[in-house]
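Some notes on the structure that comes next.
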Amino acid sequence: MNLNIIGRNVEITAAMQEYISKKLSNTLLRIEDELYASVAVYIEHKQHNIEINIRHINKTILHCKSSDTNLYDAIDDLSEKVERQLIKLKEKEKEKYF
């Protein structure tokens, strides 16, 4: 799994990078295939926005976005959204083969 974290007009501190990596790694490691993820963090109108683009090995692209006044709450919400989308993708792949 490759995880790239980018800050747009926000400095990504070591604590932020570690928290994002920890939350998303737990979610993304449940999928056995190779994933490439790009995370963007930015502030807009006093809202912390975080979005992720995930490229799956079979060329499927997932996009999730979350915003909250607290950055860490936005990260938690994003992690839950990504998990739901990955489970849905995995179920679709299973249906394809049966």
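We did not get these values from a lab; they are worked out from the coordinates using the rules stated. As the structure is a prediction and not an experimental result, all values here were calculated from the model. Because the Cβ atoms are built from the backbone with ideal geometry, glycine has one as well, and the counts that use them run over all protein chains shown.
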Quiz item: Where residues in the stretch 30-42 are over 12 Å from the mean Cα position of the chain (by Cα) and within 27 Å of Lys88 (Cα to Cα), which of them is surrounded by the fewest Cβ atoms within 10 Å (Cβ to Cβ)?
Solution: Glu32
Practice problem: Within the stretch 1-16, identify whether any single residue is under 15 Å from the mean Cα position of the chain (by Cα), within 23 Å of Leu86 (Cβ to Cβ) and part of a helix (DSSP H, G or I), and answer yes or no. | Solution: yes
Exercise. Starting from the stretch 56-79, keep only residues that are without any contact (Cβ under 8 Å) to a residue 24 or more places away in the chain, then list their pairs with residues that are assigned to a strand (DSSP E or B) and β-branched (Val, Ile, Thr) whose Cβ atoms are within a distance under 6 Å, requiring at least 6 positions of separation or different chains.
Key: Cys64/Ile52; Ser66/Ile50
Quiz item: Take the residues of the stretch 43-69 that are among the hydroxyl-bearing types (Ser, Thr, Tyr) and part of a strand (DSSP E or B): which is surrounded by the fewest Cβ atoms within 10 Å (Cβ to Cβ)?
Solution: Ser67
Quiz item: In the stretch 17-42, which residue that is of a type in the set (Gly, Ala, Ser) and assigned to a helix (DSSP H, G or I) is nearest to Ile61 (Cα to Cα)?
Solution: Ser25
Practice problem: Output yes when any residue across the stretch 77-91 is surrounded by 14 or more Cβ atoms within 10 Å (Cβ to Cβ), more than 12 Å from the chain's Cα centre (by Cα) and outside any helix (DSSP H, G or I), and no when none is. | Solution: no
